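Since the structure comes first, as structure tokens, the remarks are kept for the end.
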Protein chains: 2
Amino acid sequence: MQEVTQLRKGAQASATQASLLDKLRKLVLSGEYPPGAPLPELFLAEEFEVSRTPVREALKQLENEGLVEIRPKVGTFVRIPTRREIVELFQLKESLEGLAAGLLAKRGPVPELEILKRNIEESERAERRADTAKYAELVHEFHWTIVQGSDNSKLVEHYGRLMNQLAYHRIVLETVERPARMRASIREHQSVLDALLEKDPVGAELAMRGHVNASSLAASRGADTGSVAGAEKEA
Amino acid sequence: MQEVTQLRKGAQASATQASLLDKLRKLVLSGEYPPGAPLPELFLAEEFEVSRTPVREALKQLENEGLVEIRPKVGTFVRIPTRREIVELFQLKESLEGLAAGLLAKRGPVPELEILKRNIEESERAERRADTAKYAELVHEFHWTIVQGSDNSKLVEHYGRLMNQLAYHRIVLETVERPARMRASIREHQSVLDALLEKDPVGAELAMRGHVNASSLAASRGADTGSVAGAEKEA
DNA sequence: GGGTGACTTCTTGCATGCATCAAAGCTACG
DNA sequence: CGTAGCTTTGATGCATGCAAGAAGTCACCC
């Protein structure tokens with residue numbers, strides 16, 4: 001089957017570049033390559049059946065996104081975010097999501113509000129069923145809906161970068177924070193939505209920030225289970 | 001220890017690479033290559049006496065920073081930020097600087113406060129002398145001092161990316177907004193500092209946001225210089 | 001036995017050749 | 001005169017060769 005790919009290599013054209021970056025990002029974010037793991041260009045090149053050049057470019061991009069660290073003449077490694085960085089990112093998250101909520105509130109009646117309403121209803125059902133997986137997915141959707149509803153592409157862009165770096169800790173959030181805070185979290189989502197429906201930007205921003213802050217606190221408290229691999233030691 | 005690694009991230013990378021990126025960025029930001037101008041790899045390679053490879057990597061980075069646009073198989077061009085993006089970026093700026101001011105206020109007595117105090121004093125002198133160049137520099141310093149004083153490296157990082165994209169409009173701010181708003185702006189700086197001295201995070205954040213917002217309004221009002229090259233055609 | 005030095009190996013960094021593709025220009029035809 | 005299709009051109013995208021540097025290894029000397 002690979003033969004076909006080989007033969008058609010020319011026809012794939014630009015698909016290579018973007019998809020390679022996506023694949024690599026996914027592998028890093030999913031923990032397939034754990035923090036601290038080396039990512040040799042040649043290895044990846046063979047793995048994905050391309051030459052070192054596109055792999056190299058993808059790695060550079062990932063470095064820029066804060067997901068890997070390139071040490072010149074040494075190698076590329078999956079980055080280990082420090083505890084401090086996590087806290088910093090959560091502070092940013094609070095601010096950006098607050099901004100998003102405020103902007104969305106100013107937009108008046110938009111389809112996003114209906115989506116959020118349904119999201120909360122579904123969340124309540126998931127909570128009653130104790131379906132934490134579904135619940136986690138819904139929470140993720142809720143936050144992204146608000147950010148994208150801000151109608152500010154630059155905000156979405158920065159938020160995306162931020163969330164990529166927090167992707168690891170989303171796992172923590174979903175396994176530690178969620179079960180304990182489900183009820184409270186849903187209530188907070190509801191107050192955000194209430195403020196949005198009343199077109200109250202200040203209220204929406206404050207509600208959102210309060211919610212994110214509460215989640216973050218719970219998350220970083222629970223994050224003391226960290227240190228995935230023993231690669232925490234730095235030279 | 002990890003801090004050191006962190007800090008070096010931007011600075012390192014085999015002298016050629018980093019300096020090449022800096023040079024290119026500077027040329028784009030300064031307007032040496034105006035918006036819409038093509039940036040052929042080969043041309044730049046000869047210009048800087050390196051091969052296409054490092055040029056290519058630098059351009060990719062600049063694309064990631066939002067300064068250039070790479071159209072596959074066509075070429076790389078200096079990016080023209082749309083009016084809308086400018087507005088979006090100013091919204092982000094307000095939020096991030098507000099966050100920074102709040103965080104700085106929480107930090108208690110730090111050397112930054114003294115720096116800000118002196119900055120305002122100097123600004124007043126510059127204003128009396130009608131020295132707009134010096135004044136512009138001081139304003140820039142004031143804002144950056146607060147952001148860096150937030151002691152949040154991720155915030156600094158995102159803010160830097162943002163300001164790079166606004167670099168063009170800094171010129172507008174400095175030529176249009178400044179002269180008209182000098183007095184008001186200084187007063188606003190003073191109220192930010194007052195809140196900081198009182199360790200009032202909420203007050204500091206609000207003062208900062210009010211100030212940024214006022215500046216942004218003035219700036220976008222004056223920014224009607226848009227549509228530079230004719231490459232604006234949309235599909 | 002401990003430490004120092006050169007070496008080996010593995011990795012990246014850069015240069016360059018070739019294939020590919022988008023767009024502009026030209027030709028021929030309706 | 002206009003337009004469709006072909007050709008030419010110029011740029012990127014990718015592959016690959018080569019050199020340089022950083023770590024770890026091993027032998028050798030004290």
Checklist entry - Looking at this structure, is residue B:120 under 30 Å from residue B:187 (Cβ atoms), surrounded by 15 or more Cβ atoms within 10 Å (Cβ to Cβ) and either of a type in the set (A, V, I, L, M, F, W, C) or in contact (Cβ under 8 Å) with a residue 60 or more places away in the chain (or both)? => result yes
Checklist entry - Can you name every residue in segment B:92-110 that is outside any helix (DSSP H, G or I) and in contact (Cβ under 8 Å) with a residue 24 or more places away in the chain? => result B:107, B:108, B:110
Item to check | In segment A:50-91, residue surrounded by the most Cβ atoms within 10 Å (Cβ to Cβ) [restricted to those that are more than 19 Å from residue A:164 (Cα to Cα) and in contact (Cβ under 8 Å) with a residue 12 or more places away in the chain] | outcome: A:55
Checklist entry - Somewhere in segment A:49-59, is a residue away from every other protein chain (no Cβ under 13 Å), under 20 Å from the mean Cα position of the chain (by Cα) and more than 26 Å from residue B:151 (Cβ to Cβ)? => result no
Item to check | Subset of segment A:67-81 (residues that are more than 8 Å from chain B (Cβ to nearest Cβ) and either touching a helix residue (DSSP H, G or I) at 6+ places or on another chain (Cβ under 7 Å) or of a type in the set (Asp, Glu) (or both)) | outcome: A:67, A:68, A:76, A:78, A:81
Item to check | Boolean, residue B:69 is within 12 Å of DNA strand D (Cβ to nearest atom), within 21 Å of the chain's Cα centre (by Cα) and either farther than 30 Å from residue B:219 by Cα or at pLDDT 95 or above (or both) | outcome: yes
Checklist entry - Is there a residue in segment A:74-86 that is within 16 Å of DNA strand C (Cβ to nearest atom) and assigned to a loop (DSSP other than H, G, I, E, B)? => result yes
Checklist entry - If you check A:105, A:100, A:167, which single one turns out to be away from chain B (no Cβ under 14 Å) and either more than 12 Å from the chain's Cα centre (by Cα) or at pLDDT below 95 (or both)? => result A:167
Next on the checklist: For the structure I just gave you, tell me whether residue B:156 is surrounded by 20 or more Cβ atoms within 10 Å (Cβ to Cβ) and in a helix (DSSP H, G or I).
Outcome noted: no
Checklist entry - Are there any pairs, at least 6 apart or on different chains, whose C-beta atoms fall under 7 Å, with the first in segment A:136-151 and more than 19 Å from residue B:91 (Cα to Cα) and the second basic (Lys, Arg) and in a helix (DSSP H, G or I), and if so, which? => result A:136/A:178
Item to check | Single residue of segment B:219-230 satisfying the filter (more than 17 Å from the chain's Cα centre (by Cα) and in a helix (DSSP H, G or I)) that is modelled with the highest pLDDT | outcome: B:221
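The values are calculated or read from the model by the stated rules, or taken from the named source; none is laboratory data. Everything numeric in this text was worked out from a predicted model, so none of it was measured. Because the Cβ atoms are built from the backbone with ideal geometry, glycine has one as well, and the counts that use them run over all protein chains shown.
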